[in-house]
Amino acid sequence: MATQKFITKVDLRSKESMLAYLKSHFRYNTMNSWNGSTSYAHNVKLNRFVPHELMNDAYELLSADSAQYHNEIEDVFTDFAFEHNYCYQIGFNGRSAGYLVLYRGERKRFEHKSICRSCGQRNFKKVHEAAPDDTPKGVIEREVFMNSGCWITATYLDQPAVFALSISDEEKTAFINEAKINAKGSTLGNHCGACGRDTRFNAELYETITYPGQSLGDQDFDDLTLYEIREEVKLVQSFDEAVQQCAEIFLNACQSCVVEEETYMIPQTRRVARCAYAA
Ligand SMILES: [Zn+2]
């Protein structure tokens with residue numbers, strides 16, 4: 001629908017064509033003007049790409065607190081970061097977020113091994129699913145996890161609850177040894193210490209980091225090989241395409257959404273003293 005305002009055709013066989021594209025690409029601050037770092041960017045203010053006849057709808061849409069297109073644009077950013085292994089990310093910058101900027105970044109793995117579904121609390125230990133309390137394995141697991149499996153096997157065998165079990169010492173020993181291994185990096189059950197609910201689960205957890213202080217594309221291109229120049233061009237072109245996608249999502253929303261006011265109630269809790277005597 002939108003004309004391809006953010007996309008430039010580049011001859012990837014021609015060094016001159018590629019350098020001209022990179023050197024003339026619009027740039028903007030990655031943080032603020034006094035920080036001095038800049039990167040490839042696009043001016044996405046409304047007057048830059050919204051046709052005159054949609055301008056009123058566009059301003060209306062910008063005034064909405066909640067709109068589906070926010071998520072769709074967020075998806076474009078997420079997909080872009082994923083495709084570039086999080087080394088490159090897109091973000092808004094500028095007063096009133098009038099610019100889309102290409103950022104450096106990375107993705108780091110958390111040391112945490114589990115997270116709570118209810119409150120988001122992360123935990124360095126895994127969740128070990130407990131065997132039922134009324135089975136010999138369950139009884140032994142509880143005994144072993146209680147002190148993180150620090151005791152020697154014989155000490156566990158002497159514990160009254162373990163001693164009372166009607167299975168052989170060999171079987172008990174096997175359960176004890178297994179539990180000692182599990183107790184090292186895990187907690188018994190999925191209880192969350194923060195919110196008290198049983199909603200922790202094992203997960204590989206990552207965080208996405210953006211480096212807004214780092215410049216991009218300000219190196220001396222004459223020092224680069226043709227291959228490196230071409231890789232840089234492909235990266236910036238994929239950025240252009242993502243920005244174009246965002247513009248189209250927004251224009252599509254201008255045509256298909258109506259902004260309405262709605263009143264909504266926020267449930268609140270308060271503590272009230274009820275007194276026995278009459279007021
Ligand atoms: Zn929790």
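Every number in this text was worked out from the coordinates using simple rules, so none of it is lab data. Bear in mind that the values here come from a model prediction, so they are computed numbers and not experimental data. Positions of Cβ are generated from backbone atoms using ideal geometry, with glycine treated the same way; all protein chains shown enter the neighbour counts.
To the nearest 20 debye, what is the magnitude of the charge dipole of the stretch 114-202 about its Cα centre, counting +1 on the Cβ of each Lys and Arg and -1 on the Cβ of each Asp and Glu?
Numbers: 11 positive and 11 negative charges, 144 e Å.
I would put it at about 700 debye.
Using the count of nearby Cβ atoms within 10 Å as a rough guide to exposure, how do 215, 96 rank from fewest to most? Display every interim value, and only then the final one.
Values: 215 16, 96 8.
Going from sparsest to densest Cβ surroundings: 96, 215.
With a sphere of radius 15 Å drawn around the Cβ of residue 131, what net charge do the other residues whose Cβ falls strictly inside it have (Lys, Arg +1; Asp, Glu -1)?
On the way: positive: 137, 142, 172, 180; negative: 129, 133, 134, 141, 143, 171, 178.
Here the count lands on -3.
Can you compute the charge dipole magnitude of the chain about its Cα centre, using +1 on each Lys and Arg Cβ and -1 on each Asp and Glu Cβ, nothing else charged? Give it in debye, rounded to the nearest 20. Before the final figure, lay out the partial values.
Numbers: 30 positive and 39 negative charges, 169 e Å.
Roughly 820 debye for the chain.
Would you mind checking the tilt of helix 68-83 against the longest principal axis of the Cα atoms of the chain, expressed as 0 to 90 degrees and rounded to 10?
80
Residue by residue through the stretch 195-200, what is 3J(HN,Hα) from phi via Karplus (6.51 cos²θ - 1.76 cosθ + 1.60, θ = phi - 60°)? Round to whole Hz and write x for glycine and proline.
Couplings: 10, x, 8, 8, 10, 7 Hz.
Would you please give the residues with an amide H less than 5 Å from that of residue 216, counting only those at least 5 places away or on a separate chain, with H modeled from the backbone geometry?
38, 39, 40
Please tell me the relative contact order of the chain in percent, rounded to the nearest whole number, where contacts are Cα pairs under 8 Å and at least six residues apart. Mind showing how you got there, number by number?
On the way: 380 pairs, mean separation 76.6, N = 279.
Computed over the chain, the figure is 27 percent.
Based on other C-beta atoms within 10 Å, arrange 42, 52 from fewest to most.
Values: 42 26, 52 7.
Ascending Cβ contact count within 10 Å gives the list 52, 42.
If I measure Cβ to Cβ between cysteines in the chain, which ones have no partner under 4.7 Å?
Lacking a cysteine Cβ partner under 4.7 Å: 87, 150, 246, 254, 257, 275.
Relative to the longest principal axis of the C-alpha atoms of the chain, give the angle of the C-alpha long axis of helix 136-146, reported between 0 and 90° and rounded to the nearest 10°.
The angle comes out near 70 degrees.
Antiparallel versus total DSSP beta bridges in the chain: what percent is that, nearest 5? All intermediate terms of the calculation are to be shown ahead of the outcome.
Numbers: 23 of 26 bridges.
Of the beta bridges lying entirely in the chain, close to 90 percent run antiparallel.
Take each of the peptides 62-70, 231-239, 18-26, average the number of other beta-carbon atoms within 10 Å over its residues, and list them starting from the highest.
On the way: 62-70: 12.4, 231-239: 18.1, 18-26: 15.8.
With the highest mean Cβ count within 10 Å placed first, the list reads 231-239, 18-26, 62-70.
Expressed as an acute angle from 0 to 90° and rounded to the nearest 10, what is the orientation of the C-alpha long axis of helix 169-185 relative to the principal long axis of the chain?
30
Quick one: which residues, 5+ away or cross-chain, put their amide H under 5 Å from the amide H of residue 103? H built at 1.01 Å from N.
89, 90, 91
What does the convex hull of the Cα atoms come to per residue for the stretch 114-202, in Å³? Please list the in-between numbers first.
Values: hull volume 7.6 nm³, N = 89.
It is 85 Å³ per residue.
Suppose only helical runs count, i.e. DSSP H with n ≥ 4. What mean residue ellipticity at 222 nm does that imply for the chain under -39500 (n - 2.57) per run, divided by all residues and rounded to the nearest 500 deg cm²/dmol? Working shown, then result.
Values: 9 runs with 107 residues, N = 279.
Rounded to the nearest 500, it is -12000 deg cm²/dmol.
Using the charge dipole of the stretch 114-202 (Lys, Arg: +1 at Cβ; Asp, Glu: -1 at Cβ; taken about the Cα centre), state which of 144, 114, 181 has its Cα farthest towards the positive end.
Farthest towards the positive end: 114.
Would you kindly derive the ³J(HN,Hα) couplings of the stretch 8-19 from the backbone phi angles with the Karplus curve 6.51 cos²θ - 1.76 cosθ + 1.60 (θ = phi - 60°), listing them in order in whole Hz, with x for Gly and Pro?
For the stretch 8-19, the Karplus-derived couplings read 10, 7, 10, 7, 6, 8, 9, 4, 4, 4, 5, 5 Hz, x marking Gly and Pro.
Calculate the FRET efficiency for residue 272 and residue 63 from the Cβ-Cβ distance with a Förster distance of 30 Å, rounded to the nearest 0.05.
Values: r = 38 Å, r/R0 = 1.26.
Between residue 272 and residue 63 the formula returns 0.20.
Full-extension gain between residue 72 and residue 228, please, as 0.36 nm times their residue separation minus the C-alpha to C-alpha distance. Display every interim value, and only then the final one.
Details: separation 156, 0.36 × 156 = 56.16 nm, distance 3.19 nm.
Answer, rounded to one decimal: 53.0 nm.
Mind checking which lysines have their Cα closer than 20 Å to the Cα of residue 108? Skip sequence neighbours fewer than 8 apart in that chain.
Within reach: 125, 126.
Would you mind counting up the charge near residue 209? Only other residues with Cβ under 11 Å from its Cβ, with Lys and Arg at +1 and Asp and Glu at -1.
On the way: positive: 104, 107, 108; negative: 106, 207.
The answer is +1.
Magnitude of the Cβ-charge dipole of the stretch 36-181, K/R +1 and D/E -1, about the Cα centre, nearest 20 debye?
On the way: 16 positive and 21 negative charges, 153 e Å.
Result for the stretch 36-181 is approximately 740 debye, rounded to the nearest 20.
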